[in-house]
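Peer 1: Just dropping this structure here.
The values are calculated or read from the model by the stated rules, or taken from the named source; none is laboratory data. Because the structure is a prediction, the values reported are computed rather than measured. Every residue, glycine as well, gets a Cβ built from its backbone with ideal geometry; the counts of neighbours run over all protein chains shown.
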Amino acid sequence: MSHSLDITALPSLDLALLDGSPAQRQGFLEQLRHAARDVGFFYLTRHGIDSQLLQQVQQQARQFFALPEAQKLAVGMINSAHFRGYNRAASEITRGQPDLREQFDVGAERQALALDAHSPAWARLQGPNQWPEALPQLKPLLLEWQQAMTAMSLRLLRAFALALSLPEQAFDQLYGDKPNEHIKLIRYPGRAPGESQQGVGAHKDSGFLSFLLQDQQAGLQVEVEDGRWIDALPRENSLVVNIGELLELASNGYLRATVHRVHSPPPDRDRLSIAFFLGARLDAVVPLYPLPAELQREARGPASDPANPLLRDVGWNYLKGRLRSHPDVAQRFYGDALLPAALSA
C-alpha cells in the first residue's frame, strides 16, 4: 500500500484493460482498489467516450458562457426548485466563502414528482432542466453526453464492487433506474494577485463517482494528506475521477473521498471544466457493505465533519449540500420545508 508521502501525482488507470485478458482485468481491479484507497483520485484513459463528443461538449460550454448575461440569467438557478440552471461567479458557497466560478447545472431530464403534504423535501429535487433558447443544440448534446457518461460510470462502479470482492451488481440497488446524474459546466475567470483565488473551496463530492473533463488550464488540487496538496494537471484524452462520500460510507471508509479545490487562473486566462457526477437514486439508503476481513482491517471509517455530517439517506444528504451551497434557492423554494435536525444545524 502506498503512503501519502510517496504520492506526488495522481495514478493513471486504463479502463480498456477491464476487457483484456484475465491477468489484465485482475491487474486493473487491483490498481483501481489501491488508487481509490490511497488517493481517492486518478486519471482514467481509454474510457470509451468519443473524443469528438468531448470536444463538442467543450465547444458548446464555451458558447454558453459567451452568451450575453441577460440570456444566461434567463435560465438562472434561482428559477428552479430542482437546483438547475445558471449561476454567476460568487453565487455558490463552499465552507462559507463564495466560489469564483460561473456555472450551469443540468440534472437528469425527468418530470417533477407529484408532491403532497407528506412528501419529503428532497422529493422537490427531481424535475426538468432549464435550457437557453439561443443554443438549441445544447440540450440534445448534453443529454447525449450524460447518457454516455452514465453507461461508462456504471461500468466503472461495478468494477469497484469486484475490486472490493463484492458481487458485481452489489451497488445496482442504490442507483436503480433513476441514478442522480448531474452535469456542471464551469468557467473560472482569471483573478489578479491579491484577490481571492477560491475558484472552488476545499470540499468532498457527495455522490458515488465524479468525472472531470479539463481544458489546458491547471487549477485542480488534491489534498493527499493534511495540508499537502498536489496538482491534478490536465492530460489529453483523460478524465479525472474521484470517489464520492457515498462510496466512502458504503465501504466504511476503505474507499477514500478526498478533499480537493480549484485555484483560480491568472488574470489573462480562464479555465473551463465539465463535470459529471453519478449519485444514487434519491430514495436510497446507503448500507454498510460486508468487506473481506483483510479489507475491513484497512477501513478507516467515513470521515464526517461534525458541522456537515454525512447521512445515509441519499435524498437528505444531497439536499443538505444543495441548501448549503445555494442559500438563495433554499430561501425561495425550501423556506417552509421541515428538515431533519442534521440538515438545519
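Peer 1: Here's a check for you: in segment 87-132, which residue that is without any contact (Cβ under 8 Å) to a residue 24 or more places away in the chain, within 29 Å of GLN198 (Cβ to Cβ) and not aliphatic (A, V, I, L, M) is surrounded by the fewest Cβ atoms within 10 Å (Cβ to Cβ)?
Peer 2: Initial filter on segment 87-132 (without any contact (Cβ under 8 Å) to a residue 24 or more places away in the chain): 88, 90, 96, 111, 113-119.
Subsequent filtering for residues that are within 29 Å of GLN198 (Cβ to Cβ) retains 88, 90, 96.
If we keep only those that are not aliphatic (A, V, I, L, M) as well, we get 88, 96.
On the way: ARG88: 15, GLY96: 8.
Among those residues, the one meeting the criterion is GLY96.
Peer 1: Working only within segment 62-107, note down all residues that are hydroxyl-bearing (Ser, Thr, Tyr) and within 16 Å of the chain's Cα centre (by Cα).
Peer 2: In the first step, residues of segment 62-107 are kept if they are hydroxyl-bearing (Ser, Thr, Tyr); the result is 80, 86, 91, 94.
THR94 - this is the single residue of segment 62-107 that is hydroxyl-bearing (Ser, Thr, Tyr) and within 16 Å of the chain's Cα centre (by Cα).
Peer 1: In segment 7-14, is there at least one residue being out of contact with any Asp or Glu (no Cβ under 8 Å at 6 or more places or on another chain), over 22 Å from VAL222 (Cβ atoms) and either part of a strand (DSSP E or B) or free of Cβ contacts under 8 Å to residues at least 40 places away in the same chain (or both)?
Peer 2: No, segment 7-14 has no match at all.
Peer 1: Now for a different question. Considering each residue of segment 21-42, count those that are surrounded by fewer than 21 Cβ atoms within 10 Å (Cβ to Cβ) and either over 30 Å from ALA299 (Cβ atoms) or of a type outside the set (S, T, N, Q) (or both), and give that number.
Peer 2: Start the filter on segment 21-42 by keeping residues that are surrounded by fewer than 21 Cβ atoms within 10 Å (Cβ to Cβ), which leaves 21-27, 29-31, 33-34, 38.
Remaining after also requiring either over 30 Å from ALA299 (Cβ atoms) or of a type outside the set (S, T, N, Q) (or both): 21-23, 25, 27, 29-30, 33-34, 38.
The number of residues fulfilling the criteria is 10.
Peer 1: Starting from segment 56-67, keep only residues that are surrounded by 16 or more Cβ atoms within 10 Å (Cβ to Cβ), then list their pairs with residues that are of a type in the set (D, E, K, R) and modelled with pLDDT of 95 or more whose Cβ atoms are within a distance under 6 Å, requiring at least 6 positions of separation or different chains.
Peer 2: Short answer, once both residue conditions are applied: PHE65/ARG187.
Peer 1: Let me ask another. With the requirement that a residue be within 22 Å of ASP38 (Cα to Cα) and among the aliphatic types (A, V, I, L, M), what does segment 259-282 give you?
Peer 2: VAL259, VAL262, LEU278
Peer 1: Select from segment 211-225 the residues that are touching a residue at least 40 places away in the same chain (Cβ under 8 Å), out of contact with any His (no Cβ under 9 Å at 6 or more places or on another chain) and either in a loop (DSSP other than H, G, I, E, B) or under 25 Å from ARG312 (Cβ atoms) (or both) and list them in ascending order.
Peer 2: Residues satisfying the conditions are ASP215, GLN217.
Peer 1: Among the residues of segment 165-202, count how many are of a type in the set (Asp, Glu), more than 29 Å from ASP270 (Cα to Cα) and in contact with a strand residue (DSSP E or B) (Cβ under 8 Å, 6 or more places away or on another chain).
Peer 2: First, the residues of segment 165-202 that are of a type in the set (Asp, Glu): 168, 172, 177, 181, 195.
Going one step further and asking which of them are more than 29 Å from ASP270 (Cα to Cα), we end up with 168, 172, 177.
Applying the additional criterion that residues be in contact with a strand residue (DSSP E or B) (Cβ under 8 Å, 6 or more places away or on another chain) yields none.
Result for segment 165-202: 0.
Peer 1: Report whether or not GLU181 is within 30 Å of TRP122 (Cα to Cα), part of a strand (DSSP E or B) and not hydrophobic (A, V, I, L, M, F, W, C).
Peer 2: Numbers: within 30 Å of TRP122 (Cα to Cα): yes; part of a strand (DSSP E or B): yes; not hydrophobic (A, V, I, L, M, F, W, C): yes.
Yes, satisfied.
Peer 1: Restricting attention to segment 284-298, which residues are part of a loop (DSSP other than H, G, I, E, B) and out of contact with any strand residue (DSSP E or B) (no Cβ under 9 Å at 6 or more places or on another chain)?
Peer 2: Applying the first criterion (part of a loop (DSSP other than H, G, I, E, B)) to segment 284-298 yields 284, 286-292, 297-298.
Of everything in segment 284-298, those that are part of a loop (DSSP other than H, G, I, E, B) and out of contact with any strand residue (DSSP E or B) (no Cβ under 9 Å at 6 or more places or on another chain) turn out to be PRO287, LEU288, TYR289, PRO290, LEU291, PRO292, ARG297, GLU298.
Peer 1: Here's something else I'd like to know. Tally the residues that are surrounded by 14 or more Cβ atoms within 10 Å (Cβ to Cβ) and either at pLDDT 90 or above or touching a Phe, Trp or Tyr at 6+ places or on another chain (Cβ under 9 Å) (or both), restricting the search to segment 286-310.
Peer 2: 5
Peer 1: Further, regarding this structure: Test ALA81 against the stated conditions and say whether it is surrounded by fewer than 19 Cβ atoms within 10 Å (Cβ to Cβ) and either free of Cβ contacts under 8 Å to residues at least 60 places away in the same chain or among the aromatic types (Phe, Trp, Tyr) (or both).
Peer 2: On the way: surrounded by fewer than 19 Cβ atoms within 10 Å (Cβ to Cβ): yes; either free of Cβ contacts under 8 Å to residues at least 60 places away in the same chain or among the aromatic types (Phe, Trp, Tyr) (or both): no.
When the stated conditions are applied, ALA81 does not pass them.
Peer 1: Show the residue pairs that are 6+ apart or on different chains and have beta-carbon atoms under 6 Å apart, the first residue being within segment 36-49 and part of a helix (DSSP H, G or I), the second being of a type in the set (S, T, N, Q).
Peer 2: As it stands, the answer is ASP38/SER2, since those pairs meet every condition given.
Peer 1: Please enumerate the residues belonging to segment 208-227 that are within 14 Å of the chain's Cα centre (by Cα) and farther than 14 Å from PHE41 by Cα.
Peer 2: Within segment 208-227, GLN214 is the sole residue that qualifies.
Peer 1: When segment 149-178 is examined, which residues are found to be over 16 Å from the mean Cα position of the chain (by Cα), in contact (Cβ under 8 Å) with a residue 40 or more places away in the chain and assigned to a helix (DSSP H, G or I)?
Peer 2: Across segment 149-178, the qualifying residues are ARG155, ALA159, PHE160, LEU162, ALA163, GLN173, LEU174.
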